[in-house]
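Working notes, structure below.
The values are calculated or read from the model by the stated rules, or taken from the named source; none is laboratory data. It should be emphasised that the depicted structure is a prediction, and the values quoted were computed from it without experimental measurement. Here the Cβ is made from the backbone with ideal geometry for all residues, glycine too, and neighbour counts use every protein chain on show.
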Amino acid sequence: MRFSVASSVLFLYLILLGETAAQSRGWRGIVPLHSTRSDVERVLGRPEQQTGASSAFYRTPTETVVIQYAQGRPCGIGEKYSLWRVPKDTVTSVLVTPTQPLTLSELGIDESKYQKQQGGHRPEDVYYVNEQTGETVVVFMNEVRSLTYSPGASDKDLLCPEVPKPLTVNCKHAGSPRVNFYQNISLERENSVLDNFSVALKDEPNTTGYIIAYAGKRARPGEAKGRAERAKGYLVKVRNFDPNRLKTIDGGHQEEAQVDLFVVPAGTCPPTASPTVDPRDVEIVTARRSKPHQRR
């Protein structure tokens, strides 16, 4: 098929117009939280490398590209859930790494629309961040090293709400060392671990003991709370420990049931729970009533 000169000019104009529009909306028209895997493959074809289901790797003549996709259901705990309220296989970010030298001036961005930040992996790194569009440009020694396209400010309403965390006031620093932990062990061994925990607390009077209990992926109703209260009850009733110096936390669910024990000095931020399994993925086990024995 032959093109006239006019047709060729029009075709070139449409390409340039499309590239200009793409620059204002993500990368090459691929917009985080609005484009899908199908949209990406229409533009770039099949990926050169599939890094699991959540990302895809591409190589062009001038750059490498990593596309991140939302996986599983939105708003949950664990890798199978997305931090964004979007369907599976929706683009969440695009990372572009130039393979040929590219300066910031050649990139042609309006620096007045970007916040300039210093430092990162290298002290010489300079970050140009545009929170409105979600773009970040990393420059090292006047050379563009990477461009990241993330959701912009107008899409923040699609971000999943954060999991509420305990309020801490007038604490020195976050985090506390874990003294010990136990999983599914015999009651005798559990009491032995708790004995050592009470000794550690008594050796340091100005401390509080935190008991964070997690149920597993297969759990009874209220199991985590019950395990934490059982541990506290043993320390109070058997070891005569001051109940005001003990705090229990229902930590939710992890892969395996576990109880973490912390000794927290006064004025130090208390520990927070770190569940790894979403409650929607938990199999709740209810006790079955045993059938009465029939007399013969």
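Quick notes on this structure:
- Criterion: at pLDDT 90 or above and surrounded by 12 or more Cβ atoms within 10 Å (Cβ to Cβ) - qualifying residue of 226, 175: 226
- Some residue of the range 44-56 being modelled with pLDDT under 90 and surrounded by 18 or more Cβ atoms within 10 Å (Cβ to Cβ): yes
- Residues of the range 127-149 that are among the aromatic types (Phe, Trp, Tyr) and in contact (Cβ under 8 Å) with a residue 60 or more places away in the chain: 149 alone.
- Residue pairs whose Cβ atoms lie under 8 Å apart, separated by 6 or more positions or on different chains, with the first residue in the range 81-101 and within 15 Å of residue 44 (Cα to Cα) and the second among the acidic types (Asp, Glu), are 91/39; 96/63.
- Number of residues in the range 198-218 that are of a type in the set (A, V, I, L, M, F, W, C) and at pLDDT below 95: the value is 3.
- The conditions of being more than 30 Å from residue 255 (Cβ to Cβ) and either at pLDDT 90 or above or within 24 Å of the chain's Cα centre (by Cα) (or both) are met by residue 106.
- Test: residue 179 is closer than 23 Å to residue 76 by Cα and touching an Asp or Glu at 6+ places or on another chain (Cβ under 9 Å): no
- Counting only strands (runs of 3 or more DSSP E) wholly contained in the range 38-157, the ones carrying 2 or more residues that are of a type in the set (A, V, I, L, M) and in contact with a Ser or Thr (Cβ under 9 Å, 6 or more places away or on another chain) occupy 63-69, 91-98, 135-140, 143-149.
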